[in-house]
Amino acid sequence: MILKTLLTGIALQCAVTAADAQSLDYEFFKARVEPIFLQKRPGHTRCVVCHAERSNNAFRLEKLPAGGSSWTEEQSRRNYEMASRLVVPGKPDSSLLLLQPLAPEAGGNPYHSGGRQFETKNDPRWKILAEWVAGRAARAGRAY
């Protein structure tokens, strides 16, 4: 219970307004970030397994459609809104979405019960999340 309260408090502190969320690039999220939540990595379960149907924490993804391997447009929008609440636009190192799954030795939060999805900030997937939060992709105006 204490852990849940702590995580909720941290999430609320990291919450962004709708205007801030708009500064995050939805197309980059959908093309590059959202697939990370579906990827199976050796020694880990997929993020969607714990953060969809069974989730009782600050990060809740949409349940995949029956027989589906990806989300609908509407579900992706809801995932984007959820993830946007857990980041501080422009500040990846202050964003709960990046700190929870990062190993504590690399500066991550020690309270992620789902294991260390990212051992270091050099993990290519962590870098994609950081790029989205930092807004570098949008500023560069590149295609995804």
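The values are calculated or read from the model by the stated rules, or taken from the named source; none is laboratory data. Just so it is clear, the structure is predicted and the values come from calculations on it, not from any experiment. Using ideal geometry, Cβ is built from the backbone for each residue, glycine included, and neighbour counts are taken over all protein chains shown.
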If you go through ILE36, ILE10, the only one that is at pLDDT 90 or above, surrounded by 15 or more Cβ atoms within 10 Å (Cβ to Cβ) and β-branched (Val, Ile, Thr) is ILE36
For GLU74, are the conditions met, namely being touching a helix residue (DSSP H, G or I) at 6+ places or on another chain (Cβ under 7 Å) and modelled with pLDDT of 95 or more? no
Residue list for the range 16-30, restricted to those being modelled with pLDDT of 85 or more and surrounded by fewer than 16 Cβ atoms within 10 Å (Cβ to Cβ): GLU27
Could you please find all residues in the range 109-144 being of a type outside the set (D, E, K, R), surrounded by 14 or more Cβ atoms within 10 Å (Cβ to Cβ), modelled with pLDDT of 85 or more and not in a loop (DSSP other than H, G, I, E, B)? PHE118, TRP126, ILE128, LEU129, ALA130, TRP132, VAL133, ALA134
Within the range 26-73, work out how many residues are hydrophobic (A, V, I, L, M, F, W, C) and in contact with a Gly (Cβ under 7 Å, 6 or more places away or on another chain). 1
